[in-house]
Structures are given as C-alpha cells and as structure tokens.
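Q: My questions all concern the structure below.
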Amino acid sequence: MAWSPEYLAAIVDSSDDAIIGKTLDGTITSWNRGAEHLYGYTADEIVGQPISVLVPIDRPDELPGILDRLRRGERIDHYKTVRIRKDGGRVEISVTISPVRDSDGTIIGASAIARDISEQEKAIEEALRLREDFIAIAAHELRTPMTTVFARLQLAERRLSRGDYDRDALRRDVAIVRKGADRLRGLLERLLDISRIRSGRLELDRAPTDVAALTRRVAGELAENAGQAITVRGPESSTEDADVDPVRIEEVLTNLIDNAIKYGAGDQPIEIDIAEGPSFVRVSVSDRGPGVAPEERDLIFEPFHRASRDSRGVGLGLHVAREIVRLHGGSLTVEEREGGGAKFVLVLPKTA
C-alpha cells in the first residue's frame, strides 16, 4: 500500500522530534512542529535560512564536516552536540542525519532528526558526580579504620615476638582491631544497601513484630553502651504486632538513636516517644543538640550528605533508613524539637 505524500507529511509534522530537511549547502527546506518546539523558530521564520543559524559560534568546523560527510553519502547516527535556540539559549541534542536521494540515487539533500537530551545529560553528570563523591568519601571512611587495624596488628606482631609479651596489652590491641573491623563491616553493609536500593533488590523479611518492645530494647542497649541517659515514654509493648522486617527496623532505630547520642547534648537525656493508632505505630527520637536547619531537613536524607555542623560519618545512614521505611510503606521525617534540638519521627503501618 502506498501512502500519500500528505499522509507522510502529517506523520512528520506530528512527531515530537525535530525533523528538518536541508539542501547540501545547508539551506533549510522543511521544518516540523517538533523543530519549532525545540528551537523556538516557526517554519515561516526559518525555512530558507542557513542551518548555521542554529550552530554555536564556538563550533565553526562542525557544520562543514557534517555536510562533507553527507555529500559522500554517509549517515551520521546519534551525534551529540549543542545548538542555539531562537532566544539564544543553548540546548543539548542528539541528532541523526541521513542523505536524501532522488529517484536516480543522486544525493540532493539531507534530513535531520533531533531530540533534546539536556535532562539526560544532566542526569549523567549528576550520576558521575555522585560516583566521584562515593569514591572519595568511601575511600576516606575506609582508610581511617584500615589504618587503625593495620597499626594495631603491627603492634601486636611486635608484642608477640617478645618472649615475655604483655597479654593485657595484646588483648587491648585485639579489641581495637575488632572495633575497626566492625566499623569497616558496617560501612560496607551500608554501601551494599545503597546498591540494593538503587537496583530494587533490597528485600524485606517481614514477620509479626512488637515495635514498642523492639524500640525499648534497642534504646536500652545503646544507653548502656554509650553511657547516655535515654528516656522512653509510651507503651511497654504494642497492642498489636506490626508486619515489618524486624532486623531492618532495628537498623533504622539504631541509626536514629545513635545519631541522637552523637549530636545531642551529652548532659541531657535522649527522649523517645512511642504511640500507636489502629493501623500504625509512631516512634519519635528527640535530642537537645543544635538541631537540623530547615534548609537541610530534606537534604540530610540524601546519600553522602552530611549536616554542615558536623563532618562525622559517611552520610549514608539516614538515606538507607528512610529507604527502608519507604519500602515498608511508612515515613521518616525530621522536625524541630520544641525547646530546641532535632526530632526524628518514624511512622510504620501495621500491615503491609
């Protein structure tokens, strides 16, 4: 079945891509609505003009090279470049240019199909920036415990080479090495969690869980380990278990309480409030530290972001915690504590 020229022209004109026809000397002969949207010129304004009006002045050799290739019958696929819009703005495009032949096979012009890839390029740049941040921060964070582990192992090796080595000193060395190894393991687990989250491979192992009792247990353990007073208000246990992953929720609670210990006022207790509704359980963790500035309350949940007031940590804990909570269908937010400080609020649905 042969399509009419009018039908084919309608297809071209309705395309979202910019489709432009031009002669071999670069004169524009056709211009669809996609081109009007991309470049800002109407067909009446641009047809008959040289294609060079779209080419930046800092790319003087680009157009002659393209036209030479077209005269030789070459096709140019997915060529990334920059063009100038009518308003003077620059737009990043990907363009495919093909020679157009007449019925005798003679090349008489070219057709170009272009699309805006500005957002794609920005996304690529952002991904590259995040990768560089990841490498730099991860390398820094890994180096510190690795240095400690290596130094202590060297010291332990020297102690063991003596016939009358100090067993207590050796035990201290081993304890420090183990602490460094635990820190390395924790960092690597968080980095792996980032990878699992981004690839959609972080799975939840749900089980009926008493979130109130779990919160109290985690708070008690951290209070004892850190020598920090922690006040827990609310029910001793939940009236109804929640269908959550207990290991992952313990990880979230540990992160929130540990951050409160790190950033709170050491002489003031951490406050934890537990509340329940028919379909949800809410846990808030408050400290009396400097708090989180309003402009940082969303940023602190982004990977590799660390609050400007402190450079401790790799900036992954809160991001991983929020993503775990989101997988449960819940929310994790931060607000200002009444009287000063930060208040992190965790809300979990009781059913999946």
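Q: Residue under question is ILE194, and the condition is that it be free of Cβ contacts under 8 Å to residues at least 60 places away in the same chain and under 20 Å from ILE249 (Cβ atoms); does it hold?
A: Here the answer is no, as ILE194 does not meet what is asked.
Q: Further, regarding this structure: Of the conditions (1) surrounded by fewer than 17 Cβ atoms within 10 Å (Cβ to Cβ); (2) more than 29 Å from ALA139 (Cβ to Cβ); (3) hydroxyl-bearing (Ser, Thr, Tyr), SER199 clears all except one; give me its number.
A: (2)
Q: Right, here's the next one. For the range 18-86, which fully contained helices (runs of 4 or more DSSP H) count at least 2 residues that are farther than 22 Å from ILE117 by Cβ and in contact (Cβ under 8 Å) with a residue 24 or more places away in the chain?
A: Correct list: 62-71.
Q: Please indicate, with yes or no, whether at least one residue in the range 126-137 is over 17 Å from ILE194 (Cβ atoms), open to solvent by 80 Å² or more (accessible area, probe 1.4 Å), among the β-branched types (Val, Ile, Thr) and not in a loop (DSSP other than H, G, I, E, B).
A: Within the range 126-137, not a single residue is over 17 Å from ILE194 (Cβ atoms), open to solvent by 80 Å² or more (accessible area, probe 1.4 Å), among the β-branched types (Val, Ile, Thr) and not in a loop (DSSP other than H, G, I, E, B).
Q: Let me ask another. Could you tell me whether the range 79-98 includes any residue that is exposed (fewer than 11 other Cβ atoms within 10 Å of the Cβ), out of contact with any Ser or Thr (no Cβ under 8 Å at 6 or more places or on another chain), more than 29 Å from ILE28 (Cβ to Cβ) and among the acidic types (Asp, Glu)?
A: No - not one qualifying residue is present in the range 79-98.
Q: Out of all the residues in the range 99-125, which are open to solvent by 30 Å² or more (accessible area, probe 1.4 Å), under 18 Å from VAL82 (Cβ atoms) and of a type outside the set (Lys, Arg)?
A: Hits for the range 99-125 are ILE113, ASP116, GLU119, GLN120, GLU121, ALA123, ILE124, GLU125.
Q: With (1) touching a residue at least 24 places away in the same chain (Cβ under 8 Å); (2) closer than 25 Å to VAL345 by Cα; (3) in a helix (DSSP H, G or I) as the list, and ALA181 as the residue in question, which single condition is left unmet?
A: The single condition ALA181 does not satisfy is (2).
Q: Quick one: is THR239 over 33 Å from the mean Cα position of the chain (by Cα) and either open to solvent by 70 Å² or more (accessible area, probe 1.4 Å) or aromatic (Phe, Trp, Tyr) (or both)?
A: yes
The values are calculated or read from the model by the stated rules, or taken from the named source; none is laboratory data. Since the structure is predicted, the reported quantities are computational estimates derived from the model, not experimental observations. With ideal geometry, Cβ positions are generated from the backbone for all residues, glycine too; neighbour counts draw on all protein chains shown. Accessible surface areas use protein heavy atoms only, side chains included; no ligands, DNA or RNA. Shrake-Rupley method; radii C 1.70, N 1.55, O 1.52, S 1.80 Å.
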